[in-house]
Structures are given as C-alpha cells and as structure tokens.
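Every number here is computed from the coordinates shown, using simple stated rules; none is lab data. A quick note: this is a predicted structure, and the numbers were derived from the prediction, not measured.
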Amino acid sequence: MKMYILVKDDVPLGFAMVAVAHASLAGYLRFQDTPEVKAWLAGPFFKAVCRVNAKEFDNAKLVEDHVVLTESALDNREVAIVFKPREEWPKMFRFLKLYRDLPAQETVDKL
C-alpha cells in the first residue's frame, strides 16, 4: 500500500514542504474510514512524494479518490494533490519523478 503526494514543480521549496505536510494529513482525514487506509496504517505506510509538471498534475486529477490542496499565500493556486493509499496504481504513476535530486531517468518505479 502506498499514498502518493504530487507537488507542482513550480511551487517554491518552502511552500512545497508545507503542502506535503498538509497533503499527508488531508489524505488521512478524508479517507481515514476506508479499508485501504486501515490496511495502510497497519504498516508499513509508504508514501511517495513526486514533483510534477502542470500536465502531469492535470492528468492525475482524473484519477479518483484524491484531495487537491491550494496555498493561500500563492493566491489560492493548486500546489499539491494527495491520493488515497492503494495497492495498484495507474501506469502513469510509475513514471513520475520523486521529489528530490535524481538523475532524469530515475523514477518511482526504480526505487
């Protein structure tokens, strides 16, 4: 089981860190009563935080069971999206880049 948190790549680092913290909590609160979250909490509760461009972000919003987060200090623009934990993910998630300094070809799938 894994929870994905996607952060737009143009969000300044300080706001991105806050967005990830808020996303983790928002995802838990929104889906806490679901069997998937109960299984995820039984451990280990993996999370993948990825940095995405605007197109990837918009495509991800088509996947169900998510919460979009906005940042009031950035004119309420969308900065992150968190998904309910699950075992199986749409193929696009395997190609997202983790939020850290990685070689261009390294993706979530390889870690």
Interchain or long-range residues, amide H under 5 Å from Tyr4's placed H: Ala48, Phe83
Sum of -39500 (n - 2.57) over DSSP H runs of 4+, divided by residues of the chain (222 nm, nearest 500): -9000 deg cm²/dmol
Longest to shortest principal axis, alpha-carbon extents of the stretch 1-67, angstrom: 34, 26, 18
